[in-house]
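Please treat every number below as a calculation from the coordinates, not as lab data. Quick caveat, the model's predicted, so the values are computed rather than measured. Glycine also receives a Cβ, built like all others from the backbone with ideal geometry; neighbour counts cover every protein chain displayed.
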Amino acid sequence: MALRSRLVLGLAGLAALAACSDSAPTASDPVAAPSFNNASDNAGDNPNRHLFEVKGSPSIAAARAGKGKPGGGTGISYHGGPVLQAATKVVAIYWAASPIYNNGPAAGAFSTNSNSGDGSLVGHFMRNLGGSPYFNINTTYKDGSGRAIANVVNYTGYWANNTSAPSGTTKVTDAQMIAMLSSGFTSGKLVYDPNTLYVIFTAGAVNLGGGFGTSYCGYHTHGTVSTPSGSKVALYSAMPYDYAYPSACTNGTASPNGDPGADNEVSVLAHEIEETTTDPMGNAWYDSRGYENADKCAWNFGTTFTSGGGVANMTIGGKAFLVQQNWINSGSGGCRLSWP
């Protein structure tokens, strides 16, 4: 996410916002979803984007721990909307003419009920993120009934879509991403599920969303797609190839797994998955300035160690990764690599 202007409709919505505090949530009616368009990203055609801005952005500096934190509480508050409480499901769409990451699915391959055909480092990360001490940070967030989010991420399928795949520096709009997702649902390459985050990966310098590398390194949002059972709202994330812009969208350190493209992608990927989990529709968990949990720790890696000739800060599924910290919704808040 980045700077967002809150467009709350009606007196009831205003009252709901005024009632929010930085403490444990209570059941309440959902407030109207605000708008998240970043003023610096005028290329976007989806007003519900939550941007992960480029490294060094002034908005990132403001969002970091201790910035814009209200007095008292954990520094982040609940606004009545849904969360992915029981589990976060992830489906990968590799939209390119050939595999984007080493050992990724072959062009045209798809699976609607398994991830075993994805041997990439990105696939490994998605398979093992759930149940980790890192993702356990999200269990400190609750839904409107007071139920904690489960430490569960299920990588349920993939589609290596090589049809009309963008290349070069082609700009891809949100409308085109939604149309591509719709084609997957109607053709059977994808199965629709309201609690699934459809993560769209592209290759090279493809300008996924229109502001890649200049305004942001990725984002999560939602849109209306066509499915065999009619129009539905789908959660999706734009995940361009961050290693194409190393100064703006990578951590600037050596790769711990000898795969810099994938190693630098997973931190932004984790950011988008955990924000989708705690704020899928933009009206659940964020702070008084509009920043979501991962925003408050963006590009903040905490304590690191050397692994495989590179730099890492955690081990997930037996592999070392360098992943940004996440905001803990406990005590007075703060950026953490694990919980408890």
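Quick notes on this structure:
- Karplus-derived 3J(HN,Hα) values for region 51-57, using 6.51 cos²θ - 1.76 cosθ + 1.60 with θ = phi - 60°, are 7, 9, 6, 4, 4, x, 4 Hz; glycine and proline are entered as x.
- GLY131 long-range amide H proximity, modeled H, under 5 Å: VAL152, VAL153
- Förster radius 35 Å - calculated FRET efficiency between ARG289 and ALA97, Cβ distance, rounded to 0.05: 0.30
- Gyration tensor (alpha-carbon) shape descriptor, region 167-208, a/c threshold 1.5: prolate
- Here the 3J(HN,Hα) profile of region 232-241, calculated from phi with Karplus coefficients 6.51, -1.76 and 1.60 at θ = phi - 60°, is 9, 8, 10, 8, 8, 10, 8, 10, x, 7 Hz, Gly and Pro shown as x.
- Counting 0.36 nm for each residue step from VAL233 to ALA107 and taking away their Cα separation leaves a gain of 42.7 nm.
- Peptides 154-162, 188-196, 88-96 ranked from most to least packed give 88-96, 154-162, 188-196, packing being the mean of other C-beta atoms within 10 angstrom over each peptide's residues.
- Region 274-340 and region 110-158: distance between their alpha carbon centers, rounded to Å: 14
- Label zone at ASP45 (point 7 Å along Cα-to-Cβ), backbone N below 11 Å, region 196-213: 209-210
- Measure of compaction for region 236-292 (Cα Rg per 2.2 N^0.38 Å): 1.33
- Cα gyration tensor shape for region 144-242, rounded if a/c is under 1.5, else prolate or oblate: oblate
- Region 219-321, relative contact order [Cα under 8 Å, separation at least 6], %: 25
- Packing-based ranking, highest mean first, of 100-107, 325-332 given that Cβ atoms within 10 Å are counted: 325-332, 100-107
- Close amide-amide hydrogen proximity is noted between TYR78 and SER21, SER23, each under 5 Å apart and 5 or more residues distant or on a separate chain (H modeled in the peptide plane; Pro and chain starts excluded).
- Relative contact order of region 281-340, pairs being alpha-carbon contacts under 8 Å that are 6 or more residues apart, as %: 28
- Normalising the average separation of contacting C-alpha pairs (under 8 angstrom, six or more residues apart) by the number of residues puts the relative contact order of region 176-277 at 28 percent.
- Cα gyration tensor category, rounded, prolate or oblate, for region 162-298 with a/c compared to 1.5: oblate
- Pairs of lysines in the chain (C-alpha under 17 Å apart; 8 or more residues apart or interchain): 7
- Placing +1 on the Cβ of every Lys and Arg and -1 on the Cβ of every Asp and Glu, with nothing else charged, gives the chain a dipole about its Cα centre of roughly 260 debye.
- Amide proton proximity set for GLY44, modelled H, under 5 Å, gap of 5+: none
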